[in-house]
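I have placed the structure first, in the form of structure tokens, so that the comments after it can refer back to it.
The values are calculated or read from the model by the stated rules, or taken from the named source; none is laboratory data. Everything numeric in this text was worked out from a predicted model, so none of it was measured. FYI the Cβ positions are ideal-geometry reconstructions off the backbone, even for glycines, and counts take in every protein chain you see. Side chains are part of the model used for accessible areas, which takes the heavy atoms of the whole protein and leaves out ligands, DNA and RNA. Shrake-Rupley method; radii C 1.70, N 1.55, O 1.52, S 1.80 Å.
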Number of protein chains: 2
Amino acid sequence: MYVEGRIIDFLDRLASSAPEPGGGSASALAAAIGAALVSMVANLTTGKEKYADVQDRIEDLVGRSEAVRAALQDLVQKDTEVYGVLAGAFKMPRETDEEKEKRNDAIQAACKEATMVPYAIAEQCLTVAELSEVAADIGNVNAVSDAGVAALLADAGAQCAALNVKINLGTIRDSAFNEEKWSGIQDILSRASELKDRVVKVTYEKLG
Amino acid sequence: MYVEGRIIDFLDRLASSAPEPGGGSASALAAAIGAALVSMVANLTTGKEKYADVQDRIEDLVGRSEAVRAALQDLVQKDTEVYGVLAGAFKMPRETDEEKEKRNDAIQAACKEATMVPYAIAEQCLTVAELSEVAADIGNVNAVSDAGVAALLADAGAQCAALNVKINLGTIRDSAFNEEKWSGIQDILSRASELKDRVVKVTYEKLG
């Protein structure tokens with residue numbers, strides 16, 4: 001698991017020409033940093049008398065932000081795994097017609113799987129953006145900038161994941177699948193962007 | 001050094017109520033991921049016959065992206081250090097007038113130093129955005145989405161750093177310093193945003 005390894009090793013390998021990790025894992029990690037910041041804002045609000053009224057909502061918030069952080073940490077890894085399956089499909093023999101057909105089917109299946117990982121990253125990014133709004137609205141005001149950073153990283157992570165969805169759609173020949181996924185991604189992007197704008201606005205207002 | 005430690009330990013500590021790391025370190029790490037992706041695009045272009053014409057520029061690109069990555073990795077740490085100095089200043093005794101004056105002077109000096117770290121992060125983010133444009137324009141087209149992700153993380157990192165500059169300006173009483181830094185940050189943000197828009201556009205065009 002990359003997240004069990006050192007930061008510098010991940011960055012060095014990302015910077016290299018090694019086939020993985022790639023942009024999908026990078027997006028998931030950036031969004032996981034955002035999720036961790038939502039948890040931080042919640043944890044800095046827990047048990048504070050000034051925020052007594054919102055303690056139940058804060059407890060719920062930290063539970064949800066830690067769940068989405070765990071999901072994103074898994075997706076850092078998952079993105080490298082589906083890349084391996086896809087690379088394997090491309091390397092299949094293609095001498096006979098039968099081999100060609102088998103290889104094409106394997107590529108199509110692997111490409112759909114490879115699409116669903118950045119799609120899931122984008123979905124989790126949207127959740128981080130939603131949670132960052134709660135953190136900015138009810139969390140410890142001294143940590144509001146961290147809610148703003150979380151929203152910015154969630155929105156960027158979703159846009160990064162969209163690029164990684166787009167790559168695969170060029171190879172997939174199932175146009176109904178492509179249309180559904182691309183329209184789903186556009187919806188996620190517009191909601192994440194709206195949330196980000198609102199959270200950044202609230203953050204600057206609270207910073208005064 | 002945080003970057004020498006495990007990813008999961010950094011994220012766990014970021015998520016906790018521990019005073020550091022905070023949003024500044026988080027922004028620097030997100031931008032370092034972007035810088036690593038520029039290096040990846042360059043490294044996937046090095047030695048490729050199809051890109052023979054741009055090998056000199058690619059060599060220059062990877063040198064610059066690795067330098068900015070190293071700077072950002074240092075800034076992950078630096079942000080926690082200046083936070084420590086500032087927290088120390090706030091804890092100074094303030095019983096006598098002399099103590100109060102000493103404490104105020106220490107807070108003002110530490111706050112200016114604490115401002116300059118996210119300011120430096122924003123400057124490095126702008127450089128990552130500039131380099132991502134070169135990567136998108138001349139780098140291996142098979143890795144163009146990674147140039148796009150780099151641009152998105154650089155732009156988000158600059159916006160995150162701006163929030164962390166803003167926090168400190170509220171405490172600093174030197175209005176000339178505040179105006180200069182805030183106007184500098186606005187300039188960085190508008191340039192990073194323009195670059196990001198252009199790189200994302202080029203990326204989608206090349207992805208087809």
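Before moving on, here are some points about what is shown:
- Qualifying residue in region B:22-35 (condition: part of a loop (DSSP other than H, G, I, E, B) and either at the interface with another protein chain (Cβ under 7 Å from one of its Cβ atoms) or at negative phi (or both)): yes
- The listed residue being at pLDDT below 95 and either within 14 Å of chain A (Cβ to nearest Cβ) or in contact with a strand residue (DSSP E or B) (Cβ under 7 Å, 6 or more places away or on another chain) (or both), out of B:TYR51, B:TYR83: B:TYR83
- Where a residue in region A:29-42 is closer than 19 Å to A:CYS160 by Cα and its partner, wherever it lies, is among the aromatic types (Phe, Trp, Tyr), with Cβ under 9 Å and at least six apart: A:LEU29/A:TYR2; A:LEU29/A:PHE10; A:ILE33/B:PHE10; A:ALA36/B:PHE10
A quick yes/no check of all residues on (1) touching a helix residue (DSSP H, G or I) at 6+ places or on another chain (Cβ under 7 Å); (2) of a type in the set (Phe, Trp, Tyr); (3) over 27 Å from A:THR80 (Cα atoms):
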position	(1), (2), (3)
A:VAL144	yes, no, yes
A:VAL149	yes, no, no
A:ASP155	yes, no, no
A:TRP182	yes, yes, no
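- Residue that is nearest to the other protein chains (Cβ to nearest Cβ) [pool: residues in region B:187-208 that are touching a residue at least 12 places away in the same chain (Cβ under 8 Å) and open to solvent by 70 Å² or more (accessible area, probe 1.4 Å)]: B:LYS206
- Residue check, B:ILE167 open to solvent by 30 Å² or more (accessible area, probe 1.4 Å), within 20 Å of A:GLY34 (Cα to Cα) and either touching a Leu at 6+ places or on another chain (Cβ under 7 Å) or at pLDDT 95 or above (or both): yes
A quick yes/no check of all residues on (1) modelled with pLDDT of 95 or more; (2) closer than 30 Å to A:ASN142 by Cβ; (3) over 17 Å from the mean Cα position of the chain (by Cα):
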| position | (1), (2), (3) |
| --- | --- |
| B:THR127 | yes, no, no |
| B:ASP137 | yes, no, yes |
| B:ALA150 | yes, no, no |
| B:CYS160 | yes, yes, no |
| B:LEU163 | yes, yes, no |
| B:PHE177 | yes, yes, yes |
| B:ARG191 | yes, no, no |
| B:ARG198 | yes, no, yes |
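- Of all residue pairs spaced 6 or more apart or on separate chains, those with beta-carbon atoms under 8 Å, a first member in region A:105-116 that is closer than 13 Å to A:GLY84 by Cβ and a second member that is β-branched (Val, Ile, Thr) and part of a helix (DSSP H, G or I) are A:ALA110/A:VAL82; A:ALA110/A:VAL85; A:GLU113/A:VAL82; A:GLU113/A:VAL85; A:ALA114/A:VAL82; A:ALA114/A:VAL85.
- Given (1) more than 7 Å from every other protein chain (Cβ to nearest Cβ); (2) assigned to a helix (DSSP H, G or I); (3) surrounded by fewer than 24 Cβ atoms within 10 Å (Cβ to Cβ); (4) not charged (D, E, K, R), index of the condition A:PHE10 fails: (1)
- Residue satisfying condition, being in contact with a Lys or Arg (Cβ under 7 Å, 6 or more places away or on another chain) and either within 11 Å of chain B (Cβ to nearest Cβ) or buried (at least 24 other Cβ atoms within 10 Å of the Cβ) (or both), within set A:VAL144, A:VAL149: A:VAL144
- Criterion violated by A:ALA109 - all others in (1) among the aliphatic types (A, V, I, L, M); (2) more than 23 Å from B:ALA30 (Cα to Cα); (3) within 14 Å of the chain's Cα centre (by Cα) satisfied: (3)
- Subset of region B:156-175 that is touching a residue at least 12 places away in the same chain (Cβ under 8 Å) and either facing chain A (nearest Cβ under 7 Å) or of a type in the set (Phe, Trp, Tyr) (or both) - its residue that is nearest to B:SER132 (Cα to Cα): B:ALA156
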